[in-house]
1. When only Cα pairs under 8 Å and 6 or more residues apart are kept, what is the percent relative contact order across segment B:32-120?
2. In whole Hz and in residue order, list the ³J(HN,Hα) couplings for segment A:78-85 that follow from phi through the Karplus curve 6.51 cos²θ - 1.76 cosθ + 1.60, θ = phi - 60°; x for Gly and Pro.
3. By average Cβ neighbour count within 10 Å, what is the ranking of A:95-105, A:48-58 from highest down?
4. Summarise the partner chain shielding of B:99-106 as one whole number: the mean count of Cβ atoms from other chains within 10 Å of each residue's Cβ.
5. Rank-order B:65-73, B:84-92 by packing density, defined as the average count of other C-beta atoms within 10 Å over each peptide's residues, highest first.
6. On average, how many beta carbons from a partner chain sit within 10 Å of the beta carbon of a residue in B:43-55?
7. For B:67-76, what's the mean count of beta carbons from other chains sitting within 10 Å of each residue's beta carbon?
8. Each residue of segment A:97-111 in turn: what ³J(HN,Hα) in whole Hz from Karplus with 6.51, -1.76, 1.60 and θ = phi - 60°, glycine and Pro shown as x?
Number of protein chains: 2
Amino acid sequence: MATRKLNSTYSRNEQCMIGCDLTFAISMLGGRWKLLILDKLAQRKMRFSELKKEFSYITERMLTLQLKAMEQDGLITRTVYAEVPPRVEYELTDMARELEPILNQLSSWGNRQRRLTRQQV
Amino acid sequence: MATRKLNSTYSRNEQCMIGCDLTFAISMLGGRWKLLILDKLAQRKMRFSELKKEFSYITERMLTLQLKAMEQDGLITRTVYAEVPPRVEYELTDMARELEPILNQLSSWGNRQRRLTRQQV
DNA sequence: TGTGGTACATACAAACATGTAAGTAATGGC
DNA sequence: GCCATTACTTACATGTTTGTATGTACCACA
């Protein structure tokens, strides 16, 4: 996402893992808000301001950054309408929709796993 | 993993997302080396030093941290043998093994997605 | 007495992610 | 002219993760 300096182990690690499709996929979902955004947009396309209202805690800056990253990653499309005040709509791509069933499985795994680890504590 | 300070939005966000099984699951896999470790241990149980050899770039500190986190998350078990020099073996739990098919799907999605975004660039 | 191997731990520093606060452009309505 | 609305942007501060370097306990073996 951000430009990364070319020094030392940080970038070497990146080279080493860049070949892994799984790491590639997970890194797209790792942002602090991306899964929530994905979830909301799965229901319907939404404007910037609508998304902002949905997550009362997110700041405009973070929303902008995460949406931009998700657009670059091919998870969402961004449509600008030349109006004033401006209107911008965000929508899931087909690829992002293909994620849904997989993420549902992960979610149900997470639920089971959570019950287990709770018991031990 | 690390102790987190209780101020401001950081922890509020955490509260807000802590109810999400999917976020819970993804956060277990997000570490820089966890997926690789998971992948190696899927083949067979391994000693600390064996894992170290497998990933030539990882530092001992990072390996320790990630293994500790994965143990706490119930992904692996840690068995210590009272010998000198010490011997410690790491092994996947049943829950971690249930992840495999899901992660395979994610990986193949990542592969397709990567081809797509490559084409656009 | 000294060296070697294993599986860590600790102190410190760099890189990265996120948050806070404030500002911008465009224009329709008052 | 002034204000409001929308979707951002910028500068700066804080929090979190990862990396570097070094040290430690244990005891067998030379």
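1. 28
2. 10, 10, 9, 9, 6, 10, 10, x
3. Sorting A:95-105, A:48-58 by mean packing, highest first, produces A:95-105, A:48-58.
4. For peptide B:99-106, the averaged partner shielding equals 5.
5. B:65-73, B:84-92
6. 0
7. The shielding value for this peptide is 2.
8. Computed from phi, the couplings for segment A:97-111 are 5, 5, 6, 3, x, 5, 5, 5, 5, 4, 5, 6, 4, x, 5 Hz.
Each value in this text was obtained by applying a stated rule to the coordinates, not by laboratory testing. This one's a predicted model, so the numbers in the text were calculated from it and none came from an experiment. Positions of Cβ are backbone-derived with ideal geometry, glycine not excepted, and every protein chain shown enters the neighbour counts.
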